[in-house]
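Participant: Got a structure for you, written out below as structure tokens; questions coming shortly.
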Amino acid sequence: MNATSHGPRTEPYKPMRIEAIFFLGLIGFFVPMFVLYGLWSGWEPVGSTALALVVGLWGMVGFYLMILSRRIDPRPEDDPMADVADAAGEYGTFSPWSWWPLVLGVAVSFVFLGAAVGWWLLGIGAGIALVGLVGHVLEFSRNHHAH
């Protein structure tokens, strides 16, 4: 059987393995950059700590994805022999005419602008964010969208 035929698989494929290899593989880049930056800067505390945290965060995500790959069922996108139709189906419920993401975007803009202009804007942004988050979460619980 050649590589282009769609016969039965002889070896099992592991779901989410590519994602885990991506995150764990980039630790091989970030660790040397951390050491190189540390030696070059005389172990400057802010940058060295930030790079060490990057290594830790990428490692945690990679480790989580490696553990998760053992628990979930295989996905069609993990199988190189899968057809496009294997991934067909409903992926979720999305509101095409929702204004709440715009409200949340304005709120985030106020919060970040508050760090630059004045901390009083952070409170306004937090208030708008709270209203936007509640509206976005409860959008399908009110009016003609309720189910």
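Participant: Could you order peptides 84-96, 47-59 by the average number of other Cβ atoms within 10 Å of their residues, highest first?
Facilitator: 47-59, 84-96
Participant: To continue, here is another question. Taking a label point 7 Å from the Cα of ARG142 along the Cα→Cβ vector, which residues of segment 81-119 have an amide N closer than 13 Å to it?
Facilitator: 99-100
Participant: So if R0 is 30 Å, what FRET efficiency would THR93 and ALA126 give, r being the distance between their Cβ atoms, rounded to the nearest 0.05?
Facilitator: 0.60
Participant: Go through [x] -0.95; [y] -1.04; [z] -0.85 and flag the label whose value is the computed log10 I(q)/I(0) by the Debye sum over Cα atoms at q = 0.16 Å⁻¹ for this structure.
Facilitator: [y]
Participant: Let me ask something else. Which of the listed residues, THR93, ALA129, ILE72, is farthest toward the dipole's positive end in segment 50-144, when Lys, Arg count +1 and Asp, Glu count -1 at the beta-carbon?
Facilitator: ALA129
Participant: Tell me, what is the per residue accessible area of segment 20-88 in Å², probe radius 1.4 Å?
Facilitator: Solvent-accessible surface per residue comes out at 69 Å².
Participant: With θ set to phi - 60°, apply the Karplus curve 6.51 cos²θ - 1.76 cosθ + 1.60 along segment 68-81 and write out the HN-Hα couplings as whole Hz, x wherever there is a Gly or Pro.
Facilitator: 5, 5, 7, 9, 8, 6, x, 9, x, 6, 8, 9, x, 9
Participant: Also, quick follow-up: Quick one: which of 67-73, 111-117 comes out on top by average Cβ neighbours within 10 Å, and what's the full order, highest first?
Facilitator: Listed from highest to lowest mean packing, they are 111-117, 67-73.
Participant: Still on this structure, please answer the following. If R₀ is 30 angstrom, what is the calculated FRET efficiency for the pair ASP83 and ARG17, using the beta carbon separation as r and rounding to 0.05?
Facilitator: Step by step, r from the Cβ atoms, then E = 0.90.
Participant: Round to a whole angstrom and tell me the spacing of the C-alpha centers of segment 22-64 and segment 66-118.
Facilitator: 27
Participant: Per residue of segment 104-110, in order, report the coupling 6.51 cos²θ - 1.76 cosθ + 1.60 (Karplus, θ = phi - 60°) as ³J(HN,Hα) in whole Hz, putting x for Gly and Pro.
Facilitator: Along segment 104-110, the couplings run 5, x, 5, 5, 5, 4, 5 Hz.
The values are calculated or read from the model by the stated rules, or taken from the named source; none is laboratory data. Note that this is a predicted model, so its numbers are computed, not measured. Counting neighbours? That spans all protein chains shown, and the Cβs are built from the backbone with ideal geometry, glycine included. Ligands, DNA and RNA are excluded from the accessible area calculation, which covers all protein heavy atoms including side chains. Shrake-Rupley method; radii C 1.70, N 1.55, O 1.52, S 1.80 Å.
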